[in-house]
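The values are calculated or read from the model by the stated rules, or taken from the named source; none is laboratory data. Please read these numbers as outputs of a predicted model, since none were measured by experiment. Positions of Cβ are backbone-derived with ideal geometry, glycine not excepted, and every protein chain shown enters the neighbour counts.
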There are 2 protein chains.
Amino acid sequence: MKKELDAIFKPKSVAIIGATGRKGSIGRETLHNILLAEFNGKVFPVNPNAQVIHSIKAYSTVLDVPDAVDLAIIIVPKEKVAEVVTQCGEKGVKGIVVITAGFSETGKEGEKREKEVLNIVREYGMRMIGPNCFGIVNTDPKVNLNATFGKTYPKQGRIGFITQSGAMGEAIMNTAKELGIGFSVVASIGNKADISSNDILEYFKNDPNTDIILLYLENFGNPKRFTQIAREISRKKPMVVVKSGRTSLGAKAASSHTGALAGLDVGVDALFEQTGVMRVDTVEELFNVASALANQPVPKGNKVCVVTNAGGPGILATDALINNGLEMPTLSPATIKTLKKFISSEASFSNPMDMVAGAGAKEFKLTLDAVLKDKRYDAIIPIFVPPVTIDQLEVAKNIYEAVKKSNKTILACFMGAGYGSEGVSFLKEHNIPVFIFPEAIAKTLATISSYNKWLTSPKGKYRTFKVDRDKVKSIFNKAKSEKLDAIVGEDAIEILQAYGIRSAGYQYASTANEAAAIATKLGYPVVMKINTPQILHKTEFGAVVVDLRTEKEVKTTFNDLKKKIVKFKPNEKFSVSLQEMITEGVETVIGMSIDPSFGPLVMFGLGGIYVEIMKDVSFKIHPLTDVQARDMIRSLKSYPLLSGFRGAKPVDLKTLEETLLRVSQLIHDFEDFIEIDINPFIVSPNKENCKAVDARFILKK
Amino acid sequence: MKKELDAIFKPKSVAIIGATGRKGSIGRETLHNILLAEFNGKVFPVNPNAQVIHSIKAYSTVLDVPDAVDLAIIIVPKEKVAEVVTQCGEKGVKGIVVITAGFSETGKEGEKREKEVLNIVREYGMRMIGPNCFGIVNTDPKVNLNATFGKTYPKQGRIGFITQSGAMGEAIMNTAKELGIGFSVVASIGNKADISSNDILEYFKNDPNTDIILLYLENFGNPKRFTQIAREISRKKPMVVVKSGRTSLGAKAASSHTGALAGLDVGVDALFEQTGVMRVDTVEELFNVASALANQPVPKGNKVCVVTNAGGPGILATDALINNGLEMPTLSPATIKTLKKFISSEASFSNPMDMVAGAGAKEFKLTLDAVLKDKRYDAIIPIFVPPVTIDQLEVAKNIYEAVKKSNKTILACFMGAGYGSEGVSFLKEHNIPVFIFPEAIAKTLATISSYNKWLTSPKGKYRTFKVDRDKVKSIFNKAKSEKLDAIVGEDAIEILQAYGIRSAGYQYASTANEAAAIATKLGYPVVMKINTPQILHKTEFGAVVVDLRTEKEVKTTFNDLKKKIVKFKPNEKFSVSLQEMITEGVETVIGMSIDPSFGPLVMFGLGGIYVEIMKDVSFKIHPLTDVQARDMIRSLKSYPLLSGFRGAKPVDLKTLEETLLRVSQLIHDFEDFIEIDINPFIVSPNKENCKAVDARFILKK
């Protein structure tokens, strides 16, 4: 694979098929770019209607090229692509990049055209990027390949960039150039007919020129493979992604744009979270994070100190840092003692450390020296607002002197200094990212801190429990033979029990006396439900009565319900189910649904309104490790309700975690469940009282 | 007042007291700036140690200046300020700007120094800006005053800018200049010893050069006056504010920075919301909103259409718009019909309207023409990603041609085109704000849409109900005479009832038989509570028992509780309170607390965890209008629980609204309550069942 992609990214000879001399045409600009970047290889323009393009001899077809051709860039009209690709195959070309659009992104006919081209590519053992892409770039001085039609040849750098949208690719390269950010390889992957982002990720894994990977994605072709690759790569090379289609309307646009079904966004978030990929919302954040990663170490924790010569920006920075989940411990007594030796007593000696106006280069140096020694901090943010009386280049030099040997993360803010000012330029040249306003620093730091948290958190283990798989198998087979859509009621509870998930069992009664006898056996209070499948939304119908405390109440209720149901369904045989009532504990919901891209997603949340209105739920992609089960519970906003709210006893979190893992095992064992809903699952301080009360398993049709 | 401030902002003669010739000194730079800006008046440097500064004759003291002096800029050392200000008074100077720092921002001694100066200012009937400020600017060509020591003289524009932090002021002016944003007047107000932001707001109200007002604030001196002024001004001149100190740590920094107690942030949010002031989080947003307001109409609603030549950015824009609460209705059939005449059938004809790559200037013009006619939209966002083959200036010109006569809000995105590119420059010159990435547009549009919502929403009325004020007065007096800290229990319930707020009344019993008799009279089920003031947190002690259904249960419970309390307080006379139990309805909390800056804040939220953990509450500054009471309820995330969740009947919202207004009236009538907690207030579909169950009024000490 690596060798195949080397032919594309490090070719020795390139044919530009469809090159023309017409100014502004894609072919001409691509050829022009290759020449301008001083490509270290041979270039052959191919065009049946020209003898010379850009002073270079042109050939009618690629077959006429006298030398071997590693890579062909194809820009001919869409109807001619198949023919030209066949010629490439005959010629022995190894890789092709099809810039031409009008394929699967445009509907049925385009799809057919794309399939035809792909078949030719496969037949000849070639590899293809595109169609409908922007081209590729390799800035390695040994290669110098700029096979794109854009205006920008990016600076050399250590960032590999994969973009699914050509337009975004160009926009991002332009902006990167303005910001002074360089790339190793850029790949616009278009419709991903053959080579996918996963393939290029694999390539980046072993590319010695690439340390950081940026992606602009609209959808996933093979998320399972992405998960494997990303989890491995991001341990060594940080990955940052802008994935569009976050809202359902956005996803709709994404799907019409790419001709591929975009996954539910909650799955995407879970995927990135589980693989250590940093997701950012905007292209600006993408650059901010990239420049921090490219120039500074990943912070070892989330504790920050702000050092400033101006109060206002210090406060803005503090607001932004705290809002982004970072911590700002106070200065240690030793640090304060040191600082008091040279900082005006009017200063605050707190965090933010406001040295007050008048503080100059020397004060920055000495204060940073002191704060860097303070073990409380993982990252330091020097903020400088240039007053006229202070030489900002001198300040920049002193900041650099102070921090150059530190292994803490340094992100500086030169507020209102102007993007191209002397001080800003100096710091950038010395690998200290500089921001104009402090809010962007906070967001950036939060993102790279979360990456560090992922890097350092235990990987977790998959656990397997002793379960009665055969029991479930038989319930499942029975349901299938009866052509049921779902397994509910007693059968559903039995599935849970077979997997070691404690449940409040059912018992049925068809007379008032029978009901009373069962209730007395179960122990009061009990819950009574009408046992009529037709009455689906039982709560709304009033078909569930809770907290029955005496034999008398049970009998009266039985008769009341019977009267009700007789009116509604006169010919139905009437019976009820009885269940012990769990009076203590917190209602939770454990669920599973299938994401079209990612497969089963496990869901956990608190019951009722927390799930439905507050949307306070957590999702993970199945299968779960023990660490992930733990995280799912702890990441809820309503977690305090489980850990002991208002002096209450905490619930048995270990049992809850184990239950999630047992559900994950059940999902693994039975792929024909397309939805699981254990609702409510009651959790209590007492292990015996952690019980499922109701469950439903929807079956694949 | 206006005249007094005219002397400061439109002086005919200015003295620079403390001007020096030393390069880099604040005095020298200020004088230099005044000269550079070609001030339309006379300038007199004042310095006892120089005869000539910058080729201008200098005077020993301001008293030696031969002409009248309107404005003095004071830059002498802090110890000399009082003396120099006295001389100004003697000279008949009308206004002074004290740039010198070292006053109330630095502690007790500085406070004393500031007070002394203020007394002199008042004695002579002068007005003062500062101390500890950055200076002032008036770009009116008739004035041309740049009395600051910064490096930037801003462009002329129609934005008035007030900043509490000099450093932020300079940073903001620098950045504004880079972005091409102009100001009418800039005032750095420093410690606000005399002239406050409120005074300058009043000045802007009548300033014909100022259409938009920007503020950078760290705290409020007189929030009541701010409320009055802001509410009036923002009907005509939009106001945008960055208020720092949003988090508690930020607020702490703010308070040490300014030597003033910053208000709780929830009060600040309520204040801005109630006065139509747009609050933004970052300085970048401040500029984005300012440039949208300066160049485009405020959108009439929140419906947006995106027109793009590239799919990726269209999706990003859609995500960002939807996440920011904007709507993107589909194109009308008529619009689609028009578009199909000239747009490739490969396009999406949805919203975002992706014209697909290859669309150029002509397509932008025609598509925008069609979409502008579509009555569904209030704002249009053209997004252009410049491919090499299309002339971006031509696109810019065509966009302008299409929209120039429209009264819809147009914010354009030229993705990756570069800040200074031809197309971007053309649009900016023609009053169309251009953003490089679409996410910032979404945020900007959301902010100005919320302003429009405020502008167009009914102002609301204050309502007064017939209440028994004397009854409350007597309860209150009794509590005061008994030196109670709080009114609780029966008395608290009586206060509510006197103000027409229905409550579940208490009855007391000191024997089991008495309790049973009362319970039978109230009707089952009932709630029993231990009536012992020492047991404050009754729920945790187990001193509240709910849902007692029979005489027998009441008696048993009475005896159980008695046993418990005898152990705990053997000498206490034992009694319980009994209350009917409200079995249906939703628990809410209505509260009031006093904000140190804003006075009483009324709070509303759903009970228990919603308030305490989910923080799902709304605050308004007292007094409430009917519209505000309505908004408070509807703005909760958990509002669906009130309006009919899962087919439940909606609660009686009218009664709930009225209850909030009655509480507001109670707050108005009794200023000695410093905290009110009506918890729970049960709301039901049925008016009779909307009842307070418990209440507590904390009294001022």
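Tell me, yes or no, whether the stretch A:650-670 has at least one residue that is farther than 22 Å from residue A:458 by Cβ and within 14 Å of chain B (Cβ to nearest Cβ). Looking for residues that are farther than 22 Å from residue A:458 by Cβ and within 14 Å of chain B (Cβ to nearest Cβ), one finds none in the stretch A:650-670, hence no. Taken together, the residues in the stretch B:476-497 that are farther than 15 Å from residue B:700 by Cα and touching a helix residue (DSSP H, G or I) at 6+ places or on another chain (Cβ under 8 Å) amount to 3.
Residues checked against (1) at pLDDT below 90; (2) buried (at least 19 other Cβ atoms within 10 Å of the Cβ); (3) among the aromatic types (Phe, Trp, Tyr):
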{"residue": "A:611", "(1), (2), (3)": "yes, yes, no"}
{"residue": "A:619", "(1), (2), (3)": "yes, yes, yes"}
{"residue": "A:626", "(1), (2), (3)": "no, no, no"}
{"residue": "A:653", "(1), (2), (3)": "no, no, no"}
{"residue": "A:668", "(1), (2), (3)": "no, no, no"}
{"residue": "A:682", "(1), (2), (3)": "no, yes, no"}
{"residue": "A:687", "(1), (2), (3)": "no, no, no"}
{"residue": "A:692", "(1), (2), (3)": "no, yes, no"}
{"residue": "A:695", "(1), (2), (3)": "no, yes, no"}
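Could you list, in sequence order, all residues of the stretch A:301-319 that are out of contact with any Asp or Glu (no Cβ under 6 Å at 6 or more places or on another chain), more than 15 Å from residue A:440 (Cβ to Cβ) and facing another protein chain (nearest Cβ under 7 Å)? Matches in the stretch A:301-319: A:310, A:312, A:315.
For the stretch B:52-105, what are the residues that are in a strand (DSSP E or B) and under 35 Å from the mean Cα position of the chain (by Cα)?
Once the filter is applied, which keeps residues that are in a strand (DSSP E or B) and under 35 Å from the mean Cα position of the chain (by Cα), the stretch B:52-105 yields B:71, B:72, B:73, B:74, B:95, B:96, B:97, B:98.
Figure legend. Inter-residue proximity from the stretch B:352-371: first residues within 14 Å of chain A (Cβ to nearest Cβ), second residues crowded, with 23+ Cβ neighbours inside 10 Å and hydroxyl-bearing (Ser, Thr, Tyr), beta-carbon distance below 8 Å, spacing 6+ or different chains. Indicated pairs: B:352/B:308; B:352/B:318; B:353/B:308; B:353/B:367; B:354/B:308; B:355/B:308; B:355/B:367; B:359/B:367. Of all residues in the stretch B:394-421, those satisfying the criterion of being of a type outside the set (A, V, I, L, M), part of a helix (DSSP H, G or I) and either touching an Asp or Glu at 6+ places or on another chain (Cβ under 6 Å) or surrounded by 17 or more Cβ atoms within 10 Å (Cβ to Cβ) (or both) are B:394, B:397, B:398, B:400.
Just one of the listed residues (B:385, B:434, B:424) is more than 30 Å from residue B:213 (Cβ to Cβ) and within 14 Å of chain A (Cβ to nearest Cβ), and it is B:385. Residues being within 27 Å of the chain's Cα centre (by Cα) and of a type outside the set (A, V, I, L, M, F, W, C) are entirely absent from the stretch A:567-581. Within the stretch B:1-29, the set of residues being out of contact with any strand residue (DSSP E or B) (no Cβ under 6 Å at 6 or more places or on another chain) and part of a helix (DSSP H, G or I) comprises B:2, B:3, B:5, B:6, B:26, B:27, B:28, B:29. Take the conditions among the aromatic types (Phe, Trp, Tyr) and more than 22 Å from the chain's Cα centre (by Cα) and apply them to residue B:619. Does it pass? Here the answer is no, as residue B:619 does not meet what is asked. Is there a residue being touching a His at 6+ places or on another chain (Cβ under 7 Å) and within 10 Å of another protein chain (Cβ to nearest Cβ) anywhere in the stretch A:335-349? For the stretch A:335-349, residues touching a His at 6+ places or on another chain (Cβ under 7 Å) and within 10 Å of another protein chain (Cβ to nearest Cβ): absent.
Here's the yes/no breakdown for (1) part of a loop (DSSP other than H, G, I, E, B); (2) of a type in the set (A, V, I, L, M); (3) crowded, with 17+ Cβ neighbours inside 10 Å:
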site	(1), (2), (3)
B:427	no, yes, yes
B:431	yes, no, no
B:474	no, no, no
B:479	no, yes, yes
B:501	yes, yes, yes
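Could you tell me whether the stretch A:225-245 includes any residue that is at the interface with another protein chain (Cβ under 10 Å from one of its Cβ atoms), touching an Asp or Glu at 6+ places or on another chain (Cβ under 7 Å), modelled with pLDDT under 80 and not in a helix (DSSP H, G or I)? Yes, there is a match, as at least one residue in the stretch A:225-245 is at the interface with another protein chain (Cβ under 10 Å from one of its Cβ atoms), touching an Asp or Glu at 6+ places or on another chain (Cβ under 7 Å), modelled with pLDDT under 80 and not in a helix (DSSP H, G or I). Could you tell me which of the residues B:658, B:675 is modelled with pLDDT of 85 or more and part of a helix (DSSP H, G or I)? Sole residue among the options that is modelled with pLDDT of 85 or more and part of a helix (DSSP H, G or I): B:658.
For every residue, the table says whether it meets (1) over 26 Å from the mean Cα position of the chain (by Cα); (2) outside the structural domain of residue A:473 (by TED's automatic domain parsing); (3) part of a loop (DSSP other than H, G, I, E, B); (4) farther than 22 Å from residue A:454 by Cα.
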residue: A:611; (1), (2), (3), (4): no, no, no, yes
residue: A:623; (1), (2), (3), (4): no, no, yes, no
residue: A:630; (1), (2), (3), (4): no, no, no, no
residue: A:646; (1), (2), (3), (4): yes, no, no, yes
residue: A:662; (1), (2), (3), (4): no, no, no, yes
residue: A:671; (1), (2), (3), (4): no, no, yes, yes
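Just one of the numbered conditions (1) free of Cβ contacts under 8 Å to residues at least 60 places away in the same chain; (2) in a loop (DSSP other than H, G, I, E, B) is not true of residue B:194; which one? Looking at each condition in turn, residue B:194 falls short on (1). Cβ-Cβ distances below 7 Å connect the following pairs, each with a first residue in the stretch B:308-330 that is within 18 Å of residue B:385 (Cα to Cα) and hydrophobic (A, V, I, L, M, F, W, C), a second residue that is part of a loop (DSSP other than H, G, I, E, B) and modelled with pLDDT of 90 or more, and a separation of six or more residues or different chains: B:317/B:352. One residue stands out in the stretch A:1-42 among those that are at pLDDT below 90 and of a type in the set (Lys, Arg): the one that is surrounded by the most Cβ atoms within 10 Å (Cβ to Cβ), namely A:28. Does residue B:103 satisfy the criteria of being within 23 Å of residue B:433 (Cβ to Cβ) and more than 9 Å from chain A (Cβ to nearest Cβ)? Answer is no for this residue.
Within the stretch B:146-176, being surrounded by fewer than 22 Cβ atoms within 10 Å (Cβ to Cβ), within 14 Å of chain A (Cβ to nearest Cβ) and modelled with pLDDT of 85 or more holds for one residue alone: B:153.
Yes/no matrix, rows are residues, columns are (1) free of Cβ contacts under 8 Å to residues at least 12 places away in the same chain; (2) closer than 30 Å to residue A:231 by Cβ:
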site	(1), (2)
A:439	no, no
A:454	no, yes
A:474	yes, no
A:491	no, no
A:498	no, no
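Of the strands (runs of 3 or more DSSP E) entirely within the stretch A:107-150, those holding at least 3 residues that are of a type outside the set (Val, Ile, Thr) occupy A:145-148.
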